[in-house]
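Notes follow the structure.
Rule-based calculations on the coordinates, nothing more; no lab input. Only a predicted model underlies this, so the values are computations on that prediction, with no experimental measurement involved. Cβ placement follows ideal geometry from the backbone for every residue including glycine, while neighbour counts extend to all protein chains displayed.
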Amino acid sequence: MPRLLIIEDERPMRTALKDALEAEGHRVLVAADGETGLASALEEKPDLVLLDIMLPRLDGFAVCSELRRLGHTVPVLMLTAKGQVEDRVTGLDAGADDYLVKPFSTDELLARVRALLRRVSHQTRRQTVLALGDTRIDFSKQTATRGRRAVHLTAKEFAMLQLLADAAGEPVTRERFLDVVWGYTAFPTTRTVDNHVASLRAKLEPDPDAPRWIKTVHGVGYRLET
Ligand code: CA
């Protein structure tokens, strides 16, 4: 059951939020000022933080920046006053994931919360083992075996397969491969991705010219079909 933290100083708003989220089946923690809220977020490690901006002791921007500075990736939904466009921009700059403009309906609140929690569960769902026919790829051990034989894959090939497996059947673009697998330190081209895919197919596919698992998505990239 997800645990949510509400940091909001106005009691009626805090109570309304808590009631609505509890009715939806969430466990809810509350804090009435920025300092207490930050401490609670660090200690309790909630799955989502609902963060008001105007708060005593430490405002919402400062709470959010501090969470990010300390390396916490918890999704933050900022609650901003109506029409405060600058608030939204500053909030997103401070590392907030989304914002909700007061006054908002309960339906809108619940929809945003659901979307943020879903995004997080997608990110954390990493495949640890992948089976392609009789080939077994273990991402945590960085090993691949076919029957009793070891299949040698390079670190880049493991990373590419991991990206494909995490995408769960959705296409992965060449640009995304370059960003995640190569990073910004090297200057590879999209051709590099194609060459590595060819190498992966040669090692894993029964017929590399008619791939069964690593499919080409024309004009986009590649997709893993399991
Ligand atoms: Ca407030």
Next on the checklist: Run the reach check for LYS18 against lysines, Cα to Cα strictly under 20 Å, same-chain hits fewer than 8 apart removed. What comes back?
Outcome noted: LYS45, LYS102
Item to check | Within the chain, helix-based [θ] at 222 nm, where runs of 4 or more DSSP H residues each add -39,500 (n - 2.57), nearest 500 | outcome: -12500 deg cm²/dmol
Item to check | Hz values of 3J(HN,Hα) by residue in region 22-39 - Karplus curve (6.51, -1.76, 1.60), Gly and Pro given as x | outcome: 5, 4, 7, x, 8, 8, 10, 10, 10, 9, 9, 8, x, 5, 4, x, 4, 4
Next on the checklist: I'd like the Karplus ³J(HN,Hα) series for region 139-156: coefficients 6.51, -1.76, 1.60, θ = phi - 60°, whole numbers in Hz, and an x wherever there's a Gly or Pro.
Outcome noted: 6, 6, 8, 6, 10, 9, 9, 10, x, 9, 8, 7, 10, 7, 10, 7, 4, 5
Checklist outcome for this item: Note on region 3-123: alpha-carbon gyration tensor, axes a ≥ b ≥ c; rule is a/c under 1.5 for rounded, else prolate if a/b larger than b/c, else oblate; result rounded
Next on the checklist: About the Cα centre, and with charges only on the beta carbon of Lys, Arg (+1) and Asp, Glu (-1), how big is the dipole of region 171-216? Nearest 20 debye, please.
Outcome noted: 60 debye
Checklist entry - Taking +1 at the Cβ of each Lys and Arg and -1 at the Cβ of each Asp and Glu, which of ALA168, LEU58, LEU100 sits farthest along the dipole of the chain towards its positive end, judged by Cα position relative to the Cα centre? => result ALA168
Next on the checklist: Contact order normalised by length for the chain, with contacts defined as Cα pairs under 8 Å and 6 or more residues apart; what percent is it?
Outcome noted: 12 percent
Item to check | trypsin sites (Lys or Arg not before Pro), loop per DSSP, at most 13 other Cβ atoms within 10 Å - longest free stretch of the chain | outcome: 1-81
Item to check | Loop GluC sites (Glu not before Pro), region 5-104, which have at most 15 other Cβ atoms in a 10 Å radius of their Cβ (DSSP) | outcome: GLU10, GLU24
Checklist outcome for this item: The set of residues whose placed amide H lies less than 5 Å from the amide H of THR143, leaving out same-chain residues fewer than 5 positions away, is ASP138
Next on the checklist: How far apart, in nanometres, would the label points at ARG68 and ARG119 be if each is projected 7 angstrom from Cα along the Cα-to-Cβ direction?
Outcome noted: 1.2 nm
Checklist entry - Where nothing but the Cβ of Lys and Arg (+1) and of Asp and Glu (-1) is charged, how large is the charge dipole of the chain around its Cα centre, in debye to the nearest 20? => result 1160 debye
